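The values are calculated or read from the model by the stated rules, or taken from the named source; none is laboratory data. This one's a predicted model, so the numbers in the text were calculated from it and none came from an experiment. We place every Cβ from the backbone using ideal geometry, glycine too, and count neighbours over all the protein chains shown. Calculation scope for accessible area: heavy atoms of the full protein, side chains included, ligands and nucleic acids excluded. Shrake-Rupley method; radii C 1.70, N 1.55, O 1.52, S 1.80 Å.
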Amino acid sequence: VSLHNPEIKLESLKEDIKDFLKTSGWEKKLQNAVYSELNVFPSPCHPSAPPEHMKEPLAYMRKAQGSWEKRILKSLNSMCTELSIPLAQKRPVSEQKELLNKWNEMGTDEPDLSLFRPVYAPKDFLEVLMNLRNPNYENGEQPSFRNHLGLIQVPLKVKDIPELKEDFSELGLNIGQLGIDDSAQVPPEFFENEHVRIGQKVLAEQDSAAAQQYVRQGCPTALRADLWALILNISNQPEDILYYEQLKSNVIQHDLLVDSLIYKDVKLTASNDDYYFVFEDYLYQVLLCFSRDTSVLEHFTYSSATPPKSYIRGKLGMEEYAVFYPPNGVIPFHGFSMYVAPLCFLYHEPSKLYQIFREMYVRFFFRLHSISSHPSGIVSLCLLFETLLQTHLPQLFYHLREIGAQPLRISFKWMVRAFSGYLATDQLLLLWDRILGYNSLEILAVLAAAVFAFRAVNLMEVTSLAAAEAVLADLSTLKVMPLLQIFLFATVT
């Protein structure tokens, strides 16, 4: 349209377009979109590397993930057979109407789920990770790795405290933090007022990169929802709302076996949680829509996992009759709904809550339940946790190992759920601020080690796994930021 303007000259077209992008606000939008892509997609592989390297460079990790997926599918299929329930079926019209009417109060529904069981729980997954081995190391003695006495026996490079200090330098003792009540350098209320002022400025600028840098020192409660949306590049446009409505109509029309797994999971976890039971309806809405969302399949280009396939009845093995099942390729496990629960505190509009969760999942959470060598993958987090503990609290580590209470057996469930359901919500959100700020899940392993350090005196007295678990049973009174700071910056290295 602008090209027909008499003022526009061909020779100055490039500059005019630049000016137009600036004044119309499109320059920022494009920058944020590019920044978002850079944050999500891995850096390009070597040109001659085969395509599967983009998913996972180590062959033995790919193989382990493949056999784990087979196990999950076997568990799902045997449940179908036992209960003689199809994987998917169209709902009768009467049922569709009923579901539509009670869409906002699905929590009142009490279907009989006694026969359904979670496809797997975190402890089943831990058993698989404990058996991971790199075949190239089996025969060669590699002394440096052989003295790793933890449960994870694969040689991956993880960071030590000096490297973590450098990476998480904004958590330093002399830098203002939200979530620290008594910083000696700056009176907290002075820091908070100034921090809020800067946060408002970052929001006004609408710059994703600036927002990501800003939240490393924590988000003011009033600005968190908008800042997270800016970092994740979520704007909730009319077309996004429409997309959410389409997913909802898919839920209304078709009944999937995974729906019962989602119901069961919410009932077993969030519904029994003092913080989250009030969000039960939101959790069903978001998770049922998520299971139908085929755009989630895109993350499998950089995830070590592969979406499971199902064949139309009677056409087994014929690729043209294969469909991904569930449509998003993600089979929920015990505790999955806890990835959504904390977000309900921030977003009350279902389509926006949905988009934020989906983006958090394809950026971060999928790494917590797939086998890979990625630094934010669960295998690396377990190894980082064990290495930190063995290096900095060797006596505690040996003591727990001797009494059969390997620390990872206790901390694994915290890390798989990104501490959701274990910390008080305000503390959890401060932790997730840092996940977004550093675009990394490594902080989960550091916090898990810091919790053991904090309770070390009590843990040195225990004589069994059950007693150790009892000492660490309740994390709801912990303050995340002081724990992290003390562990990273006050530990003698």
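Note: the range 170-270, Cα convex hull, 152 Å³ per residue.
Using a probe of 1.4 Å, the accessible surface attributed to I180 totals some 20 Å² when neighbouring protein chains are kept in position. Between rounded, prolate and oblate, where does the range 13-140 land on the alpha carbon gyration tensor, with a ≥ b ≥ c its root eigenvalues, rounded for a/c under 1.5, else prolate if a/b exceeds b/c? The shape class here is oblate. Mean residue ellipticity at 222 nm, helices only, the chain: -16000 deg cm²/dmol; runs of at least 4 DSSP H residues each add -39,500 (n - 2.57), and the sum is divided by the number of residues.
Computing P(r) over Cα pairs in 20 Å bins from 0, in percent for the structure here picks out one of (i) 18, 48, 31, 3, 0; (ii) 21, 53, 24, 2, 0; (iii) 22, 58, 19, 1, namely (ii). When the pairs K55/K352; K74/K413; K165/K267; K55/K201; K29/K123; K70/K97 are compared against a 31 Å limit on Cα-Cα distance, K165/K267; K55/K201; K29/K123; K70/K97 fall above it.
Rounded, prolate or oblate: which fits the range 313-388, taking a ≥ b ≥ c as square roots of the Cα gyration tensor eigenvalues, rounded meaning a/c under 1.5, else prolate when a/b beats b/c? Judged from the Cα gyration tensor, the range 313-388 comes out oblate (a/c at least 1.5, b/c at or above a/b).
Projecting the Cα atoms of F41, Y243, A88 onto the charge dipole of the chain, computed from C-beta unit charges around the Cα centre, puts A88 farthest toward the positive end. Sorting the segments 469-480, 342-353 by their mean number of nearby beta carbons within 10 angstrom, highest to lowest, gives 342-353, 469-480. Summary value for the chain: 21 percent relative contact order, contacts being C-alpha pairs under 8 angstrom separated by 6+ residues. Helices assigned as whole DSSP H runs in the chain whose Cα atoms extend at least 27 Å along their own long axis and whose mean Kyte-Doolittle hydropathy is 0.0 or higher are not found. Nothing charged except the Cβ atoms of Lys and Arg (+1) and of Asp and Glu (-1): what's the magnitude of the dipole of the range 43-141 about its Cα centre? Round to the nearest 20 debye. Computed about the Cα centre, the dipole is about 300 debye.
Working from Cα pairs under 8 Å separated by at least six residues, relative contact order for the range 339-421 is 26 percent. When each of the peptides 481-490, 414-423, 393-402 is scored by the mean number of other C-beta atoms lying within 10 Å of its residues, the order from highest to lowest reads 414-423, 481-490, 393-402. With a 1.4 Å probe and all protein chains left in place, how much of the accessible area of the range 261-364 comes from carbon and sulfur atoms, in whole percent? Using a 1.4 Å probe with all protein chains present, the range 261-364 comes out at 57 percent carbon and sulfur.
Taking the Kirkwood radius as Rh and the Cα radius of gyration as Rg, the range 215-326 has a ratio of Rg/Rh equal to 1.04.
The residues of the chain present an accessible area of 47 Å² per residue when probed at 1.4 Å with all protein chains retained. This model, with +1 at the C-beta of Lys and Arg and -1 at the C-beta of Asp and Glu, gives the chain a dipole about its Cα centre of some 1260 debye.
Measuring between their Cα centroids, the range 53-77 and the range 239-273 lie 26 Å from each other.
Packing order of peptides 86-96, 164-174, 275-285, 296-306, highest average first: 275-285, 296-306, 164-174, 86-96 (average count of other Cβ atoms within 10 Å over each peptide's residues).
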